[in-house]
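In what follows, a structure is listed as structure tokens, so that the remarks can point back to it.
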Amino acid sequence: MRLFWPAILMLATSCGSASHTGAEEGAQPVVSGAFGSRPVVSVPAGRPGRLPRVTVLSAGSGRRTQPGDVVLADVEIRRWAGNQPYLSTFDSGRPTTVVFDGRQVTEVWRRSLIGHPAGSRVMLVGPAADALGPGLPWAGVSPADTLVVVFDILGGYPPDARLVGRTLPVVPADLTPADPPRVLIDGSGREIRAGAKVIVQYVAAAWPSRAIVDSTYRRGGPGAFTLKPGAAPPAWLDALPGRHVGCRLAVPAAADEPRIYVIDVLDTITLPS
């Protein structure tokens, strides 16, 4: 399993209870809040079970995630002791990307993220050795410390997901960072709104060399961005709202390091207000 964590901020809490799988019984946190919003977690006074437990707090209505998918999810991680925040993507607006590509993956992460419909909220309670998984920082916790992890599953996508019937994106040869965004392919899906999440594949080319300096195709699959300052490249914030899922846009960015992005929008998720 490969995990790509953007800048992650500490944060607050979550809701509910539901069916669970896994281990011995123990006290369970109560999680509140709507899918897509910061969960509010209430950790009980009792002791957790010694083995990991996975609980489906609410089931979504989208496509079920499958083995081999790239799973995009917002994640809230809290310490059981003191209900202290540990890591979160809800404030940063940059969901994590988990690539299930046949490499070793912890069973509890697989149970938490695979086989659930997009739009599901799932809670994992267990020792940090299982709950953090590979690739996550160990800041102030030991493997035996209990963590509460709440996943909001945005969706699962094939690693090579792209616009239906379209070739890989190519940076237009005549576009410069001073030009306005250009629609290369019109979309016909849902409208993209300011502040929404977008699921995209993209390439970014340096200027003036046009060398590719970033690409979700090279990194293993789609990524998710929230269209708000600090969570997506600034040039995207004006270029994407008002467009539709299925579009391909060339978006110049005349920053300190000029870039030209070519973005394929695979999906959009409007967050609760």
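At a probe size of 1.4 Å, how large is the accessible area of Thr106, to the nearest 10 Å²?
For Thr106, the solvent-accessible surface is approximately 30 Å².
Quick check: convex hull over the Cα atoms of the chain, volume per residue in Å³, rounded to an integer?
On the way: hull volume 34.2 nm³, N = 273.
Residue-normalised Cα hull volume stands at 125 Å³.
Provide the per-residue ³J(HN,Hα) series for segment 178-191, in order, calculated from phi with Karplus coefficients 6.51, -1.76, 1.60 and θ = phi - 60°, each as a whole number of Hz, with x at glycine and proline positions.
7, 7, x, x, 10, 7, 8, 9, 7, x, 10, x, 4, 6
So for Asp186, Asp267, what's the accessible-area order with a 1.4 Å probe, most first?
On the way: Asp186 125, Asp267 35 Å².
Greatest to least solvent exposure: Asp186, Asp267.
Can you run phi through the Karplus equation (6.51, -1.76, 1.60; θ = phi - 60°) for segment 31-48 and list ³J(HN,Hα) in whole Hz, with x for Gly and Pro?
Computed from phi, the couplings for segment 31-48 are 10, 10, x, 7, 3, x, 9, 4, x, 10, 10, 10, 8, x, 6, x, 8, x Hz.
State the volume of the convex hull built on the alpha-carbon positions of segment 124-242, expressed per residue in Å³ and rounded to an integer.
Numbers: hull volume 19.3 nm³, N = 119.
Looking at segment 124-242, the number lands at 162 Å³ per residue.
Using only the Cα atoms of segment 30-157, what semi-axes does the equivalent ellipsoid have when each is the square root of 5 times a gyration tensor eigenvalue? Give whole Å, largest first.
Numbers: eigenvalues 93, 56, 36 Å².
Equivalent-ellipsoid dimensions as semi-axes: 22, 17, 13 Å.
How much accessible surface does Thr270 have with a 1.4 Å probe, in Å² rounded to 10?
Counting only protein heavy atoms, Thr270 exposes about 80 Å² to solvent.
What figure in square angstrom, to the nearest 10, would you give for the accessible area of Ser209 with a 1.4 Å probe?
So the heavy atoms of Ser209 present about 80 Å² to solvent.
Translational D (Stokes-Einstein, µm²/s) of segment 182-269 at 25 °C and 0.890 mPa s when Rh comes from the Kirkwood sum over C-alpha pairs? Let's see the in-between values first.
Numbers: Rh = 12.9 Å.
Using the Kirkwood radius from Cα pairs, D works out to 190 µm²/s.
For the pair Ala81 and Leu168, what calculated FRET efficiency results from E = 1/(1 + (r/R0)^6), where r is the Cβ-Cβ distance and R0 = 41 Å, to the nearest 0.05?
On the way: r = 48 Å, r/R0 = 1.17.
Efficiency, rounded to the nearest 0.05: 0.30.
In terms of solvent-accessible area of protein heavy atoms at a 1.4 angstrom probe, what is the ranking of Ile185, Ile199, highest value first? It would help to have the intermediate numbers written out before the result.
Details: Ile185 20, Ile199 0 Å².
In descending accessible area the options line up as Ile185, Ile199.
Can you give the relative contact order of the chain as a percent, counting alpha carbon pairs under 8 Å and 6+ residues apart?
19
With the contact rule set at Cα under 8 Å and sequence spacing of 6 or more, what percent relative contact order holds for segment 30-157?
35
Considering the chain as a Gaussian network with a 10 Å cut-off on Cα pairs, which listed residue, Val122, Val75, Val171, attains the greatest mean-square fluctuation?
Between Val122, Val75, Val171, it is Val171 that shows the largest mean-square fluctuation.
Under 5 Å between amide H atoms, partner at least 5 residues away or on a different chain: which partners does Leu184 have, H built in plane at 1.01 Å?
Hits under the 5 Å cutoff: Arg248, Leu249, Ala250.
Can you tell which of Leu72, Leu168, Leu132 shows the greatest fluctuation in a Gaussian network model of the chain with Cα springs below 10 Å?
Of the options given, Leu168 has the highest mean-square fluctuation.
Which value in nm describes the separation of the simple spin-label points at Asp186 and Ala34, placed 7 Å from the Cα toward the beta carbon?
The two pseudo-label positions are separated by 3.2 nm.
If r is the Cβ-Cβ distance from Leu51 to Ala139 and R0 is 35 Å, what FRET efficiency results, to the nearest 0.05?
Numbers: r = 24 Å, r/R0 = 0.68.
Rounded to the nearest 0.05, the efficiency is 0.90.
Only Cα pairs within less than 10 Å get springs; with that Gaussian network setup on the chain, which residue of Pro208, Pro117, Pro180 has the largest fluctuation?
Sorting by GNM fluctuation, first place goes to Pro208.
Considering the options Gln28, Pro233, Val43, tell which one lies farthest towards the positive end of the dipole of the chain, charges being +1 on Lys and Arg and -1 on Asp and Glu at the Cβ, about the Cα centre.
Gln28
The values are calculated or read from the model by the stated rules, or taken from the named source; none is laboratory data. Note that the coordinates shown come from a computational prediction; the quantities given were computed from them, not determined experimentally. So basically every Cβ, Gly included, is an ideal-geometry build from the backbone, and we count neighbours across all protein chains shown. Areas reflect the complete protein model, heavy atoms only, side chains present, ligands, DNA and RNA absent. Shrake-Rupley method; radii C 1.70, N 1.55, O 1.52, S 1.80 Å.
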